[in-house]
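Worksheet: one structure, shown below.
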Amino acid sequence: MTASCEALARRVCEGWHHFGQADYREVFAEDCVYQNMPIPGVQRGPDAIAATLATLGDGYDIELRIDNLVATTERVMVERTEFFTRRADGNEFNLPVVGVFEASQGQIQGWRDYFHFDPQQWGAEET
């Protein structure tokens, strides 16, 4: 039995910061397209997605919470909050995100994240 779109989206939202390469290849289709909408560029395939997400959590402890989820058979919208704590100094910030996932044949085919990106959040500023 293949995983549902909702199960795949939950797995990504709750655990991307702990994924290994095998997880990315299991969850994301080879031709999957990932866009972090406020940041230029499109990543294609599990290896590119893994490389991009690895840099997002660099130097931070991350916890994620799913706040709302709406699903159909092939699409899921997830409103979530990502909690970042910088290891170097303990500064924290929260990032509200909405993700849209599309899946078929047991893998994610497309993923778009929408959020307001404030570069000062990634600095020493407290929020």
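Read the figures in this text as sums done on the coordinates, not as results from a lab. Because the structure is a prediction, the values reported are computed rather than measured. Every residue, glycine as well, gets a Cβ built from its backbone with ideal geometry; the counts of neighbours run over all protein chains shown.
General observations
- Estimated 222 nm signal from helices in the chain, with DSSP H stretches of n ≥ 4 weighted -39500 (n - 2.57), rounded to 500: -6500 deg cm²/dmol
- ³J(HN,Hα) computed for each position of the range 55-64 - Karplus, 6.51 cos²θ - 1.76 cosθ + 1.60, integer Hz, glycine/proline x: 6, 5, x, 4, x, 10, 8, 10, 10, 10
- The Cα-based radius of gyration of the chain, divided by its Kirkwood radius, gives an Rg/Rh of 0.96.
- Contact order, relative form, for the chain: 29 percent (alpha carbon pairs under 8 Å, 6 or more residues apart, mean separation divided by residue count).
- Total charge dipole magnitude, the range 5-122, about the Cα centre, Cβ charges on Lys, Arg, Asp, Glu only, Debye to nearest 20: 100 debye
- A simple rule links phi to the HN-Hα coupling: the Karplus curve 6.51 cos²θ - 1.76 cosθ + 1.60 with θ = phi - 60°, which for the range 16-28 gives 4, 6, 10, 5, x, 4, 5, 5, 4, 6, 6, 7, 9 Hz, with x for Gly and Pro.
- In order through the range 29-39: 3J(HN,Hα) via Karplus (6.51 cos²θ - 1.76 cosθ + 1.60), integer Hz, x for Gly, Pro: 5, 4, 9, 4, 10, 10, 10, 8, 3, x, 10
- Derived value for the range 38-92: Kirkwood hydrodynamic radius 13.6 Å. Basis is the mean of 1/r over every pair of different alpha-carbon atoms.
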